[in-house]
């Protein structure tokens, strides 16, 4: 199995990508979504210098990655660990976990190697363009730079 990951700034685009994946035959139970979830007071709280909220930050997750996070503390380090267990390189796992912590929406498709191109093509339509990852990892996106990445994981 391969895990193809994309980042989104817009929940509507992420939902469209999920609908397109399902409509193209990807099983619903092989699609993961991870988003930042802020707990605590509804009023504004002081923000750290890096732009993140200091209190009550966790993630909401569904799909296979959500299942992997079910018994954790749902913070960024748990997201990075779940992504590493899904087969992503440590540097990419940390980058994606940091993006979720900063408010991005992570969508991952767990698919057979033969379906990776189709998953990437669908995600590239909707994903937020990001700088290319380094250290030899392959990325593709909606423009010349990509926000999706496929990495072979454990079968």
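The values are calculated or read from the model by the stated rules, or taken from the named source; none is laboratory data. Since the model is a prediction, treat every value here as computed from it, not as a measurement. Neighbour counts run over all protein chains shown; Cβ positions are idealised from the backbone, glycine included.
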Being loosely packed, with under 15 Cβ neighbours inside 10 Å and in contact with a strand residue (DSSP E or B) (Cβ under 7 Å, 6 or more places away or on another chain) is the filter here; which residues of segment 96-108 pass it?
103
Pairing a residue in segment 1-20 that is in contact (Cβ under 8 Å) with a residue 40 or more places away in the chain with any residue that is surrounded by fewer than 15 Cβ atoms within 10 Å (Cβ to Cβ) and in a helix (DSSP H, G or I), where Cβ atoms lie under 7 Å and the two sit 6 or more apart in sequence or on different chains, gives 2/113
Residue tally, condition closer than 17 Å to residue 106 by Cβ, exposed (fewer than 13 other Cβ atoms within 10 Å of the Cβ) and modelled with pLDDT under 55, over segment 37-95:
0
